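The values are calculated or read from the model by the stated rules, or taken from the named source; none is laboratory data. What you see is a predicted model; the values in this text were computed from it and never measured. Virtual Cβ from ideal backbone geometry, glycine too; neighbours counted across all protein chains shown. Surface areas here come from the heavy atoms of the whole protein model, side chains and all, with no ligands, DNA or RNA. Shrake-Rupley method; radii C 1.70, N 1.55, O 1.52, S 1.80 Å.
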Amino acid sequence: MRGMTRDGTVFLIDDDDAVRDSLGWLLRTRRLLSIPYASADAFWAEAQGWTGGPSSPCCALLDLRMPGMSGLALFEHLREQPWFAQMPVIFLSGHADVPTAVDAVLRGAFDFCEKPFSDNALVARVECALEQSAERLSQRKRSQELQQRIAGLTEREQAVMQWIASGMPNKLVADQLGISVRTVEVHRARIFDKMGVRSVVDLVRLLHQS
């Protein structure tokens, strides 16, 4: 927690001024930062400018029915983005929209809250969504760091790494690549150093976390 707000941002996307105001007030009472949008078009116009997706935990509270671009249409646009999983979407739906909201959950939405909703239940789902966003962003960061480490290996080191990560002994790696066992040992030491690991087990665990 930093200052008066928890980590994370909630995007409030609803054409009803009263709904946006009440949700903004509710989230403020729970020390959650929110940013309101009066239409799906307004949010989409901004989201298209994101390079690489969100940089901090976030989620969207999205009304299904709005003038112009509907919440469902916006959701379809978001699903096509490589960073979609890093911004969970919670639909706000009326009773008649529940089947549509359920279908959206099956296609990747985080959840839906039926109007009128319980304040505590809604905030609980928002908090869970922000936690998921934080974990997905952490996974992305780890994956990027891993790719940078791999890119720092020479072509031969990458080849040696693949063989030793498969459990092949140094002698068989040497035979496979037509080099001496001593050369394999040198490459192995450099690989461990560049990848920041101390053993083959650590290396395998690191490669499988991406």
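What 222 nm value per residue comes from the helices of the chain, counting each DSSP H run with n ≥ 4 as -39,500 (n - 2.57) and dividing by all residues, nearest 500 deg cm²/dmol? Working shown, then result.
Details: 9 runs with 115 residues, N = 210.
Theoretical 222 nm ellipticity from helices: -17500 deg cm²/dmol.
Would you please report the Å³ per residue occupied by the convex hull of the alpha carbon atoms in segment 47-132?
Roughly 93 Å³ of hull volume per residue.
Can you list the lysines whose alpha carbon sits under 19 Å from that of K194, skipping same-chain ones fewer than 8 residues off?
Within reach: K141.
Pairs of alpha-carbon atoms within less than 8 angstrom and 6+ residues apart define the contacts here; what relative contact order does segment 1-152 have, in percent? If you can, show how the numbers build up before the last one.
Details: 223 pairs, mean separation 33.5, N = 152.
For segment 1-152, the relative contact order is 22 percent.
7 Å from Cα along Cα→Cβ at both D175 and V105: what's the point-to-point distance in nm?
The two pseudo-label positions are separated by 5.7 nm.
Provide the FRET efficiency to the nearest 0.05 for the V201-E131 pair, computing r from the beta carbons and using R0 = 30 Å. Before the final figure, lay out the partial values.
Details: r = 29 Å, r/R0 = 0.98.
It comes to 0.55.
Quick one: with all protein chains in place, what share of the accessible area of the chain is carbon or sulfur, to the nearest percent (1.4 Å probe)? Let's see the in-between values first.
Values: 5800 of 11280 Å².
Answer for the chain is 51 percent, counting heavy atoms of protein chains only.
Can you work out the accessible area per residue across segment 153-209, with the rest of the protein chains kept in place, probe 1.4 Å, in square angstrom?
Numbers: 3480 Å² over 57 residues.
With the other protein chains kept in place, segment 153-209 gives 61 Å² per residue.
Which distance in nm do the two modelled labels at R182 and N120 give, with both placed 7 Å along the Cα-to-Cβ direction?
Placing both labels 7 Å beyond Cα along the Cβ direction yields 7.2 nm.
Estimate the FRET efficiency between A96 and E46 by the formula 1/(1 + (r/R0)^6), using the beta-carbon distance for r and 35 Å for R0, to the nearest 0.05. Before the final figure, lay out each step's value.
Working: r = 29 Å, r/R0 = 0.84.
Computed FRET efficiency for A96 and E46 comes out at 0.75.
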